[in-house]
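Just below is one structure, and these are the notes that go with it.
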Amino acid sequence: MRLKKISLASFRNLQKVELEPGARFNILYGNNGQGKTNLIEAIYLLGTLKSFRLAKNSELMTWGTPFALVKGMVEHEGVDREIALVVEREGKRVRVDQKTIARPADFFGSLNVVVFSPDEMAMAKGGPDVRRRYLDRAVFSGDAAYLGFFHDYSRVLKNRNALLKKDDNDGLDVWSEKLAEAGTRLIARRIGFLREIEGLLREFYRSISGNGEDVGIAYRPHLLDRERLPAEGTTLLLEGLARTAAEERRTGATAVGPHRDDVEFILNGRALKQYASQGQQRSFILALKMAEIEYLRRKFDSPPILLLDDMTSELDRERNRNLMEFLKQKEIQVFITTTSLQNLRLDGIDNHRTFLVSDGEVSQQR
């Protein structure tokens, strides 16, 4: 799978851009604030219909314009497909081969992408919300149904919280049952994804670290018995809601459920967050992204497109070299942003294209 062409109109500071990327490595360089990450974000939108920067629709459009347009030509297994995305304040409209797509499932798999940005490094030390966002994004990349389950749960949670804020118990039991059912579906898919990538994570971490350290990744439900969760999810969530009823009345918010859960990163049987060095944490996150790439390659029998946003500032020389060696072996299309070409290790990489991004304009360098 590769992106052969991308066209942008009124997308953030990119007024009008047309780009024909190379099949392997594409280097986007320029000073900060010129539009490099905006271009990466546009490619991610084409694959997921979402911004990895959690941006609102209005923030994706050039100031004063009614809409933004992102269009790409994607080649997969010798077949070209055109994806066109119109972003408006009220929502997004997507067309594939000039046919309107109404359901995410019909769009799913048109362009598979994985993003690796400095924000990913915050997963090692940050709060549960950072890891939940990563997990939801990663699960959706390989499971078309997940987005629907996520939206169902979010809707139920919003309605249940509205009753709690009004201190209205009428109908609360009904919403509790709906929350437990929707939450169980979400949790089951999260756990399933973590189980699939854990072996890959171990494999890549060992190749990066070069020692016998062991890593793991585990789902940590908030205030619930982790051992009972897979088999008794709905019952367990209902028990948790009953047990925290007093707290919910006090705070006006649902106290248990996947919106409060966490993912634990483990090194040698201990929490990575507390006991690992900065180098070990960076190796773990790098291995996690490699595992995600390999997971999607196996899932779709084709590697995803990788978006590396300013990662040279986060990875030291050795880890940069490990990453580039991994990418050279995987025959994957890559987009890399950097403030300087001096920061990149392109030794042995002849098949790359270089683009200068300056003040919202993109030009290929010879």
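The values are calculated or read from the model by the stated rules, or taken from the named source; none is laboratory data. Just so it is clear, the model here is predicted, and its values are computed rather than measured. Because the Cβ atoms are built from the backbone with ideal geometry, glycine has one as well, and the counts that use them run over all protein chains shown.
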Is segment 120-127 home to any residue that is in contact with a helix residue (DSSP H, G or I) (Cβ under 6 Å, 6 or more places away or on another chain) and within 27 Å of E232 (Cβ to Cβ)?
-> no
In segment 37-89, how many are over 19 Å from the mean Cα position of the chain (by Cα) and either in a loop (DSSP other than H, G, I, E, B) or hydroxyl-bearing (S, T, Y) (or both)?
-> 10
Return yes or no: is R195 in a helix (DSSP H, G or I), under 21 Å from E292 (Cα atoms), among the basic types (K, R) and at pLDDT 95 or above?
-> yes
Go through the residues of segment 151-171 one by one and say whether even a single one is of a type outside the set (S, T, N, Q), in contact with a Pro (Cβ under 6 Å, 6 or more places away or on another chain) and either within 30 Å of A271 (Cα to Cα) or surrounded by fewer than 17 Cβ atoms within 10 Å (Cβ to Cβ) (or both).
-> no
So, of the residues in segment 304-329 that are of a type outside the set (D, E) and under 18 Å from R353 (Cβ atoms), which turns out to be modelled with the lowest pLDDT?
-> T312
Which residues, taken from segment 344-366, are out of contact with any Gly (no Cβ under 7 Å at 6 or more places or on another chain), loosely packed, with under 15 Cβ neighbours inside 10 Å and assigned to a strand (DSSP E or B)?
-> S363, Q364, Q365
Please report, ordered by residue number, the helices (runs of 4 or more DSSP H) entirely within segment 204-277 with at least 1 residues that are closer than 26 Å to R155 by Cβ and touching a residue at least 60 places away in the same chain (Cβ under 8 Å).
-> 229-243, 245-251
Name every residue in segment 1-26 that is of a type outside the set (A, V, I, L, M, F, W, C), within 22 Å of the chain's Cα centre (by Cα) and farther than 18 Å from I305 by Cα, in order of residue number.
-> R12
With L323, L296 as the choices, which residue is buried (at least 18 other Cβ atoms within 10 Å of the Cβ), in a helix (DSSP H, G or I), touching a residue at least 12 places away in the same chain (Cβ under 8 Å) and outside the structural domain of S51 (by TED's automatic domain parsing)?
-> L296
Within segment 330-343, how many residues are within 18 Å of L356 (Cβ to Cβ), assigned to a loop (DSSP other than H, G, I, E, B) and of a type outside the set (G, A, S)?
-> 1
Taking first residues from segment 131-149 that are of a type in the set (V, I, T) and second residues anywhere that are in a helix (DSSP H, G or I), the pairs with Cβ under 8 Å that are 6 or more apart or on different chains are V139/Y146; V139/R189; V139/R190; V139/F193
